[in-house]
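J.: Here's a structure for you.
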Amino acid sequence: MRPQPDFIHEFIPGSSERTLLLLHGTGGNERDLIPLGGELDSRAALLSPRGKVLEHGMPRFFRRLAEGVFDLEDLKNRTNELADFVTAAAQHYGFSARKVVAVGYSNGANIAASMLLLRPEVLSAAILFRVMVPLIPETQPNLSSVRVWIGVGTNDPISPKSETKKLAELLRNAGADVTMRHFQAGHELTAADVEGAREWLMTL
Ligand code: MLT
């Protein structure tokens, strides 16, 4: 029997080989980023799980102890759980496990970054909106075939640009091809972010 993907999720088949793994922010759910996925690539399949951790009733992908202070044990476990979900979903739905592009916003971007650092085999590329350093891995991953696009809000108080720059350096040191774009914005996602990410995705 094929493994069952064990997150509440949406899956929408596509007409190309690419699958976008959509990862929502704190308080979001599996339906939130479906329109964004369609805007970024109308031909890609969309796989959109709901984070399993509840913070005052709001779904997240991992526990935090305070704003920007992560429960690292939980983050590691949840990262592995999410990576296994993607692998199981690829078998279950029959999409290519080699063409999965994460699209994460805020908390979703942070777990996507964690997956790049701890389970680099799962993603071929990632679009990270409003992201920070989720953790420092014990061993450096090999990201030499991975491409990453990062959207930074220049006035973002939650994911400050200095913090995002550190993540870009971490990913580049591991061999990733990183494109970082800055937008006149706070933590919210802007139309300019979406357009920048869409144009970049078309070049992959
Ligand atoms: C996080 O907890 O992942 C970040 O602080 C972003 C957020 O969800 O507010």
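The values are calculated or read from the model by the stated rules, or taken from the named source; none is laboratory data. Everything quoted here is computed from the prediction, not taken from an experiment. Here the Cβ is made from the backbone with ideal geometry for all residues, glycine too, and neighbour counts use every protein chain on show. Side chains included, ligands, DNA and RNA excluded: accessible areas come from the protein's heavy atoms. Shrake-Rupley method; radii C 1.70, N 1.55, O 1.52, S 1.80 Å.
J.: May I ask you to evaluate 6.51 cos²θ - 1.76 cosθ + 1.60, the Karplus curve with θ = phi - 60°, for each residue of region 103-110 and list the ³J(HN,Hα) values in order in whole Hz, giving x for glycine and proline?
T.: For region 103-110, the Karplus-derived couplings read 10, x, 10, 6, 4, x, 5, 5 Hz, x marking Gly and Pro.
J.: If each DSSP helix of 4+ residues adds -39,500 (n - 2.57) and the sum is divided by the residues in the chain, what number results at 222 nm, nearest 500 deg cm²/dmol? Don't jump to the answer; show the numbers that get you there.
T.: Working: 5 runs with 66 residues, N = 204.
Here the helix-only value at 222 nm equals -10500 deg cm²/dmol.
J.: Let me ask you something else. With +1 on the Cβ of every Lys and Arg and -1 on the Cβ of every Asp and Glu, and nothing else charged, how large is the dipole of the chain about its Cα centre, in debye rounded to the nearest 20? Provide the component values of the computation, followed by the final result.
T.: Values: 22 positive and 24 negative charges, 56 e Å.
Dipole size: approximately 260 debye.
J.: Something else now. So how strong a dipole does region 101-204 carry about its Cα centre when Lys and Arg Cβ are +1 and Asp and Glu Cβ are -1, to the nearest 20 debye?
T.: Details: 9 positive and 10 negative charges, 20 e Å.
About 100 debye.
J.: What is the Cα centroid distance between region 135-151 and region 42-105, reported in whole angstrom?
T.: If you average the Cα positions of each part, the centres end up 16 Å apart.
J.: Tally up the carbon and sulfur contribution to the accessible surface of the chain as a whole percent, 1.4 Å probe, everything protein left in place. Present the calculation step by step, with values, prior to reporting the outcome.
T.: On the way: 4590 of 9280 Å².
Its accessible area is 49 percent carbon and sulfur atoms.
J.: Any idea of the accessible area per residue across region 58-204, 1.4 Å probe, to the nearest Å²? Before the final figure, lay out the partial values.
T.: On the way: 6350 Å² over 147 residues.
Ligands and nucleic acids excluded, the result is 43 Å² per residue.
J.: Wrap a convex hull around the Cα atoms of the chain, take a quarter of its surface area, and give that in square nanometres.
T.: Details: hull surface 41.6 nm².
Over all viewing directions, the chain projects a mean Cα-hull area of 10.4 nm².
J.: Taking the Cα centre of the chain as the origin and placing charges on Cβ (Lys, Arg +1; Asp, Glu -1), which of 118, 27, 91 is farthest toward the positive end of the dipole?
T.: In the chain, that residue is 91.
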